[in-house]
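A short worksheet on the structure shown next.
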Amino acid sequence: MSTGTPAAAGGPRGAGGYDRVLALLVASLVVGALLPRGLSAAVSAGLGLLLWLAVARATAIGRREAAAGLVVFIAIMGFAIVTYSSDADRLAAADDLLLAAAVAALGAVIGRALVREQVVTFSTVTAVLCLYLLIGLFFAHAYLGVLALDADAFAGIDGDPDRFNLIYFSFIALTTVGFGDITPAGDVARALAATEAVMGQLFLVTVVARVVSLIGHERLKR
């Protein structure tokens, strides 16, 4: 029996499909809003661990790959706890950049599973929405890493910023709403914000629109 073969095309992947993944992603946003910066980082890493388990189940990846990812997320969670108890900026930056890389890995696993789908279902749409939220979280952690290295990277953030400031900014940039209360001031932050805005719009008008239009239809085989 192969452990790397995806579930049957067109059917739900795990018992809950991508519903658990979407719920955990929303929880990640709420955690950033409710908890202080240090605790939020550790809890976010813990949610990342749960996200990996949910993604592994939804995409039916192989056991070895799932176990390897589990070890990585446990290590990131431990690093987050150590980092924010020491209050070192460089370590905080490293932790947020590691979290950004972990979020990118989650998106890659979901994207790979979606490419293999033969029939577009509502589960597929949920997976695409998960990818959209993952883009926002990826850039949020990237912004947090940049801010940890450069306190002047963003204007409009006074005092010791909580994590939700830049999670909020990330989704404002992703949706190109542009309230202007927080603005990128450094070159790296500006480049990231511009990239996120372009990615967000392209994702909505290409991937999301295309997937929704194909619900219930079989994809053309190459």
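Coordinate-derived values only; no laboratory data. Here the structure is a predicted model, which means the values were calculated and not measured. Positions of Cβ are generated from backbone atoms using ideal geometry, with glycine treated the same way; all protein chains shown enter the neighbour counts.
Could you give each residue of segment 92-104 its phi-based ³J(HN,Hα) in whole Hz, using Karplus coefficients 6.51, -1.76, 1.60 with θ = phi - 60°, and x for Gly or Pro?
4, 4, 4, 5, 5, 5, 5, 5, 4, 5, 5, 4, 4
Quick one: 3J(HN,Hα) in Hz for segment 117-128, Karplus 6.51/-1.76/1.60 with θ = phi - 60°, rounded, Gly and Pro as x.
5, 9, 10, 7, 10, 5, 4, 5, 4, 4, 4, 5
In nanometres, what is the gap between the two model label sites at R90 and F179, each 7 Å from Cα along Cα-to-Cβ?
Between R90 and F179, the label points sit 3.5 nm apart.
Would you mind giving the average projected area, over all directions, of the Cα convex hull of segment 19-213 in nm² with one decimal? Could you put the intermediate results ahead of the total?
Working: hull surface 41.9 nm².
For segment 19-213, the mean projected area of the Cα convex hull comes to 10.5 nm².
Scan around A155 for amide H atoms under 5 Å from its own, H built in the peptide plane at 1.01 Å from N, and keep only partners 5 or more places away or cross-chain.
Close amide H contacts, sequence-distant or interchain: T183, A185.
Y18's amide H: which non-local residues (gap 5+, or another chain) put their own amide H closer than 5 Å, with H modeled 1.01 Å from N in plane and none for Pro or chain starts?
Distant-sequence amide H within range of Y18: R13.
Convert each backbone phi in segment 24-30 into a coupling constant with the Karplus relation 6.51 cos²θ - 1.76 cosθ + 1.60 (shift: θ = phi - 60°), then list the ³J(HN,Hα) values in order as whole Hz, x for Gly and Pro.
Computed from phi, the couplings for segment 24-30 are 5, 5, 5, 4, 4, 5, 5 Hz.
Starting from the amide H of V119, placed 1.01 Å from N in the peptide plane, find each other amide H under 5 Å away whose residue is 5 or more places distant or on another chain.
Under 5 Å from the amide H of V119 lie the amide H atoms of G10, R219, each far enough along the sequence or on another chain.
Pulled fully out, how much extra length does the chain show between R210 and V115, if you take 0.36 nm times their separation in residues and subtract their Cα-Cα distance? Don't skip to the answer; put the middle values down first.
On the way: separation 95, 0.36 × 95 = 34.20 nm, distance 1.32 nm.
Gain in length upon complete extension: 32.9 nm.
Can you work out the FRET efficiency for the pair D19 and L149, with r the C-beta to C-beta distance and R0 = 41 Å, to the nearest 0.05?
That gives a FRET efficiency of 0.65.
Would you mind computing Rg(Cα) / (2.2 N^0.38 Å) for segment 88-140, counting N as its residues?
1.40
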